Number of protein chains: 2
Amino acid sequence: MSSISDSVPQRGRRRRGRRAAAVPGVLEQLPWAQPRYLDPPTEPLDEEGIERVHDAAMRICEEIGIDFLHDEAREILKRAGCEVRGDSPTVRMGRDFIMEQVAKAPETITLTPRNPERAVVFGGPWAAFGLVASPPNASDLDGGRRIGNRKDYQDLLKLAQSFNCIHFTGGYPVEPVDLHASTRHLDALFDILTLTDKLVHAYSLGIERVEDAMEMVRIAAGLTAEEFDAAPRMFTNINSSSPLKHDWPMLDGAMRHARHNQLVIVTPFTLSGAMAPVTLAGALAQQTAECLACLALLQLVRPGAPVAYGSFTSNVDMKSGAPAFGTPEYVRATQISGQLARRYRLPWRASNANAANYPDAQATWESAASLWACSTARANIVYHAAGWLEGGLCASFEKFVIDCEMLQQLAAYHQPIGVSEEDLAVDAIREVGPAGHFLGADHTQARYKTAFYSPFLSDWSNFETWEESGSVEAPRRANRLFKQVLEEYTPPPMDSGALEALTAFVEKRRAEGGAPTDF
Amino acid sequence: MSSISDSVPQRGRRRRGRRAAAVPGVLEQLPWAQPRYLDPPTEPLDEEGIERVHDAAMRICEEIGIDFLHDEAREILKRAGCEVRGDSPTVRMGRDFIMEQVAKAPETITLTPRNPERAVVFGGPWAAFGLVASPPNASDLDGGRRIGNRKDYQDLLKLAQSFNCIHFTGGYPVEPVDLHASTRHLDALFDILTLTDKLVHAYSLGIERVEDAMEMVRIAAGLTAEEFDAAPRMFTNINSSSPLKHDWPMLDGAMRHARHNQLVIVTPFTLSGAMAPVTLAGALAQQTAECLACLALLQLVRPGAPVAYGSFTSNVDMKSGAPAFGTPEYVRATQISGQLARRYRLPWRASNANAANYPDAQATWESAASLWACSTARANIVYHAAGWLEGGLCASFEKFVIDCEMLQQLAAYHQPIGVSEEDLAVDAIREVGPAGHFLGADHTQARYKTAFYSPFLSDWSNFETWEESGSVEAPRRANRLFKQVLEEYTPPPMDSGALEALTAFVEKRRAEGGAPTDF
C-alpha cells in the first residue's frame, strides 16, 4: 500500500489543490484533494468468516454458475476452460481459474481525465467521491420534483465542477429526458466534458454509445488512439441483473472498456431479501460470485485490465419490499464488502445512499450512516456521494450541498492529529492559568485561522440570532448556496482545438442518427 | 474485558428485555438491553502519542497544578503528600501519586436503580444511553421554544421511560423553572423517581441537594442506609471550571457521592480554543489533568470509589466563539478520549451533541457524527444521547425521537453477522436461480420477520405515496410519535410503601424550606 502515496505525490497534490480552489467568496471550501484514510478498516468478520463467504461465492460460480447473456463472452470463457453447456447462458468456472484471473488486476488505478490535475487514484488508502448518478427525477425547494431535463442536468454538472470534494461524475446526475434518446449520449457527454474537467463515466448501453463515449473522451483530452489506450482515462460501471445474470449491453460495454484499458466497475444489484438471500452473508456471497465471474472475463479480454469490485448490497423493507439504504445492515454489508475487496486486492466501490423523500433528518442519518460505512471500511470509490435521494430516484440540489458538507467533514476527519510539544501546549496552559481564557493566548492567535475545519453550511449562531434571521433550516440554506454557486460558475478552460473537434464529432454522429433506441 | 459479559448474563438481560418492551402498538421498538460494542475501537493516536498526551497531563498536574476551591479537599490532598502552598487554591500532585490513586477505581461498574431490572453496566464493551440533561429551554413543533417548565420536564421523563433505548437520566431533561429553586430538587427528583424506574443522576449543587437526592433514591428503592452504600445506585456528573479549576459545589457533591459508594463522573469543560488550547492534543492533556486530579481526590476519600473519566472536548467556531459539536475535531477528540480512558482502565463518558437550532439535516449530521464517534470509540456512558439541540440550550421533543431512532440503529449495528452454512444460503441461491426472486423462497420466508432492523421513524414509501400522505418530513413524524407515546404512557409500578415514604420525605423537607438558593 505504501507505493500508492509515491504514485500520487502529496506535495504535488496539495499544490494543485490550492490552485484549483473554486468560487472565492461564495463558497469557502477545502482545496481539491483526495482524502487519505487514516484509520485501519472496521472488519465485522474475522478471517475465517471472510473465507466462508469467499468459499460460498466460489461454490456459486462452480456449482450453480452465472448467466452471461453475450455469445462472445461465453466463447471467451469456454476457450479458457470454463464449463458452458450447449446453448445455455450459464457459465460455471472453478475457483482456481477465477483467482488466477483476478490476480492479474491492478490493486490501485490512476485515472486521468482531460485535465491532468484532476487525476484520481482508485484504491489503497484513497477515497474518491462521485456526483449522484442516473436518477430519473430532479428536485429543489423552488421547483419541486420534476422529470429529468437538460437544464437540471447541466446545473448539477456545474455544481460538481464547483465543489472540490467531488472527484468524478458517475453517470448522468439526472436523466436529461428532453434530449432524444438516439443522440442523448452525445449531448450529455458533450456537456460533461465541457462543463467539467473531472473524471467521467460512460454507460454500457450498446456498442455505439460506448464507442462514441470513448472517442469523445479521447478527443476532449486531445489524445491519439494510442495515448488513450495507454492509461485509464474514464470508466464504466455495470450492474449484474441479480440474481446470477450479466446482460448483453453491460457485458459488451465492459469488454469494450477493458480492451481499451479503461476501468470497469462491476456492481451486483444484490438487495438482500429480493434479488439476493435475506441473510447478509448469502447476499455478499452472491455479490462476490457475480462480480468476480465478470472480472475474470475482463481479465481474459485484456490481462491486467483495470477493474474494481463494486458493492451495493443493502436490505429491502420486508413489510413493503421497498429498498432501504443507510441501514445497520447496509453499513455491515458495506464494511464486509471492503474486507472482500481487500482480500482480492481490488479497488472497491461503495455508495452514499438513502431512501428518504426529502433532505430532512432521515435522509441525513441514512446518508451519514452510509458515509461512515464508507469511511470506517475505507471505500475507494464512493458513488452517489452527493445529491442522491429517494433510493436513487431523484437528484436533489439541496441534498447535494448537504452531502458535500458531510464529504468535506469526512475529509477533515482524516487529517492527522499532532502531538508535538507545541501541540500539547503545556506552556500555553501555564501561561493562561486557572483564571484565564485561551482566545487571546499567543498559542491560539498563531493557529486559530486554520486550527479547525470551517463548514460552509452549518449555522452555529445562537437560537435568537437564528430566529431573527428567519429561522432558516439546513435545506433552505443549501438552496441559497447552490444558487449562488451556479451564478458564479465559470466553465473550466478547454483547448479550443479539442472543443472544435469534440463539437464536430457530435455533429457528425448526430447527422448519422446517433445510436439505436431499442435497448 | 471478558469478565464483563459474565457479570451481566446475556440470557438474563434478553429475558428482562422482552418483558420490558413498552407501548405496544404505537411504538414498535427493540427490547430493553445495553448494546455491546462489537468492533475494536478506532484509535487516532498510537501508543507513543497517547503517552505524550498522558505525560503532558501529568506535567500540568505536577508543574502548574489544579485549583481545588474546597478546603477539605485541599486538606485531604495535602495529607496525602500533594503540594499546597499557604492559602493558594492550587494543588500540585505527582504522577506516581495520581496513577496509584486512579488504579484503585473499578474498571466496570454496575449501577442498580429502584427497579433492579433496569440495572446498567458502565464500562467494558457496554454502551448506555442517557436522556438529554440540563437545558434551560424545551421545544416542540406545536408550542415552539419556551423556558423549561414542569410539564415539559415530566413529558420528557415519560418519553425516557417509554423508549427502551434510554438507559438513564443524566440530570433534568429541561430545567423546571416554574418550581421554586429552594424545593425544585425535591419535586424534580420525585418526578424522576416516580415517572421512571431507570438510573438517576443528582446535581452536585450544595450539601442539602446532594444529601436529599441520595436519601430519596434510597427511599424510593426501599433500601436501608447500609444497603444503599453497599453498591452504586445513582451518580453525579461534575464539570471542572476549565481551565484548571474545580469549584466548591462540584467537589463537595462529588466527595459526598464517593463516601456513599455512588458513581462520580468528572467531565472537564474543555472547549478547544476557549477554555482549553486551540490544539486538540493540548485540550485533551488539560481534560485529562483536570479529570484525573479530581479522581485521585475521590480515591483518597474512599479507595475503590466508582468514578468515570468524562470527556466533552470539542472546538469553538473561531469566527464567533460559539461552541461547535459533532465536528471532525469533536469526533477525533472523543476517540482519543476513549483511548485515554482505556489507558487508565476507567469507564468513559462521552456525548451525543450538536449545535443546530432545529432538528434538521445539520442537527442530524452533527448528532450522527457524535454517535459514530461514540460507537467507533466504544463510549460507555453516552450523555445527552436523545433530545439535545442548540449546543445544549434546548431539549427538543422531536430531536428526542430522531435520536432514539439513531440509537436503536446503533444497537442493531452491533449485532453479530452470521456466516453459518444456512446464512451463506448457497442452497437458496441454487433454488432461486438466475430467473428468480428471493421474496418467496423458503429461506426468506423462514427469516423475513426478524432478518432486518425495523425503524419506527423512517418513511420508506415511494415519493408519490409520501406526497399523497401529506409530504410529512421526519420532525413532523417524530412530533406525531412522541405525542402518541405520551398518550399511552403508564408510570412504572412502585412499591406503595416506598411511594408513601418518598412523598413524606419531600413534604418534610419542603416544610423545612428545602435548600439554600444562594448557590
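The values are calculated or read from the model by the stated rules, or taken from the named source; none is laboratory data. No experiment lies behind these values; they were computed from the predicted model shown. FYI the Cβ positions are ideal-geometry reconstructions off the backbone, even for glycines, and counts take in every protein chain you see. Side chains are part of the model used for accessible areas, which takes the heavy atoms of the whole protein and leaves out ligands, DNA and RNA. Shrake-Rupley method; radii C 1.70, N 1.55, O 1.52, S 1.80 Å.
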Requested in this report: With the full set of protein chains in place, find how many percent of the accessible area of region B:124-252 is carbon and sulfur; take the probe as 1.4 Å.
Outcome: 54
Query raised in the report: In percent, what relative contact order does chain B have, based on Cα pairs under 8 Å that are 6 or more apart in sequence?
Result: 19
Report summary line: To the nearest 10 degrees, the tilt of helix B:248-259 (Cα long axis) against the first principal axis of the alpha carbons of chain B is 80
Query raised in the report: So what's the gap between the Cα centers of region A:292-321 and region B:266-322, to the nearest angstrom?
Result: 48
**Report entry** Measure of compaction for region A:363-460 (Cα Rg per 2.2 N^0.38 Å)
**Finding:** 1.49
Requested in this report: Using the heavy atoms of the protein chains and a 1.4 angstrom probe, tell me the accessible area per residue for chain B in square angstrom.
Outcome: 33
Report task. Along each of the three principal axes of the Cα atoms of region B:347-396, give the extent in whole Å, ordering the values from largest to smallest. Result -> 31, 17, 12
Report summary line: Accessible-area loss of at least 10 Å² (1.4 Å probe, chain alone to full protein assembly) applies in region B:347-362 to B:Ala355, B:Asn357, B:Tyr358, B:Asp360, B:Ala361, B:Gln362
Report summary line: Taking the dipole of region B:345-415 about the Cα centre (Lys, Arg +1; Asp, Glu -1; charges at Cβ), the one of B:Tyr358, B:Ala373, B:Trp388 that reaches farthest to the positive side is B:Ala373
Report summary line: Ignoring ligands, DNA and RNA, the residues of region B:404-419 whose accessible area with a 1.4 Å probe is reduced by 30 Å² or more relative to the chain alone are B:Gln409, B:Tyr413, B:Ile417, B:Val419
Requested in this report: Could you work out the mean projected area of the convex hull around the alpha carbons of region A:164-256, in square nanometres to one decimal?
Outcome: 7.1
Report task. Give me the orientation-averaged projected area of the Cα convex hull of region A:227-283, in nm², one decimal. Result -> 4.3
Report summary line: Gyration tensor on Cα atoms of region B:31-157, a ≥ b ≥ c root eigenvalues, a/c under 1.5 rounded, else prolate if a/b beats b/c, else oblate, says prolate
Report summary line: Tilt, helix B:184-195 to longest principal axis of chain B (alpha-carbon atoms), in degrees rounded to tens, equals 30
Query raised in the report: Which distance in Å, rounded to a whole number, links the C-alpha centroids of region B:340-415 and region A:70-118?
Result: 45
Report task. Could you tell me what fraction of 2.2 N^0.38 Å the Cα radius of gyration of the protein assembly as shown comes to, as a two-decimal ratio? Result -> 0.97
**Report entry** Estimated dipole of region A:193-336 in Debye, rounded to 20 [Cβ of Lys and Arg +1, of Asp and Glu -1, Cα centre]
**Finding:** 340
Query - For B:Arg510, label point 7 Å along C-beta direction: distances to other copies, nm - result: 8.3
Query raised in the report: Percent of accessible area on region A:415-488 owned by carbon and sulfur, 1.4 Å probe?
Result: 47
Query - Rg ratio (alpha-carbon, reference 2.2 N^0.38 Å) - chain B - result: 0.99
**Report entry** Spin-label pair B:Thr490/B:Glu47, simplified geometry with 7 Å Cα→Cβ offset, distance in nm
**Finding:** 5.6
Query - Using a 7 Å Cα-to-Cβ projection, B:Asp46 label spacings across copies, nm, ascending - result: 2.7
Query - Chains A and B, summed buried accessible surface - 1.4 Å probe, Å², nearest 100 - result: 9200
Requested in this report: Among A:Gly418, A:Ala441, A:Leu457, flag the residue with its Cα farthest along the positive direction of the charge dipole of region A:415-502, charges on Cβ as +1 for Lys/Arg and -1 for Asp/Glu.
Outcome: A:Leu457
Query raised in the report: If the limit is 32 Å between Cα atoms, which of B:Lys483/B:Lys508; B:Lys104/B:Lys245; A:Lys104/A:Lys399 go over it?
Result: B:Lys483/B:Lys508; A:Lys104/A:Lys399
Report task. Note the distances from A:Met99 to each other copy's matching label point, with points 7 Å along the Cα-to-beta-carbon direction, in nm, sorted shortest first. Result -> 4.7
Query raised in the report: With +1 on each Lys and Arg Cβ and -1 on each Asp and Glu Cβ, how big is the dipole of region A:256-350 about its Cα centre, in debye rounded to the nearest 20?
Result: 400
Report summary line: DSSP beta bridges in region B:309-406: the antiparallel percent, rounded to 5, is 40
**Report entry** Residues losing 50 Å² or more accessible surface upon assembly, region A:38-85, compared with the chain by itself, 1.4 Å
**Finding:** A:Arg52, A:Arg59, A:Ile64
**Report entry** Dipole of region A:208-344 [Lys/Arg +1, Asp/Glu -1 at C-beta], most positive-end residue of A:Phe228, A:Val217, A:Val331
**Finding:** A:Val331
Query raised in the report: What does the convex hull of the alpha-carbon atoms of region B:224-362 project to on average, in nm²?
Result: 9.5
**Report entry** Antiparallel %, DSSP beta bridges [both residues in the protein assembly as shown], to 5
**Finding:** 35
Query raised in the report: What is region A:225-313's relative contact order, in percent, from Cα pairs under 8 angstrom and six or more apart in sequence?
Result: 33
Query - Under DSSP loop assignment and at most 16 Cβ neighbours within 10 Å, longest trypsin sites (Lys or Arg not before Pro)-free interval of chain A - result: A:105-318
Query raised in the report: What percentages, rounded to whole numbers, describe P(r) for region A:151-199 computed over all alpha carbon pairs with 10 Å bin width beginning at zero?
Result: 27, 58, 14, 1
Query raised in the report: Relative to the longest principal axis of chain A, what angle (0 to 90°, nearest 10) does the C-alpha long axis of helix A:207-220 take?
Result: 40
Requested in this report: Can you check what the net charge comes to around B:Arg302, using other residues whose Cβ is under 11 Å from the Cβ of B:Arg302 (Lys, Arg +1; Asp, Glu -1)?
Outcome: +2
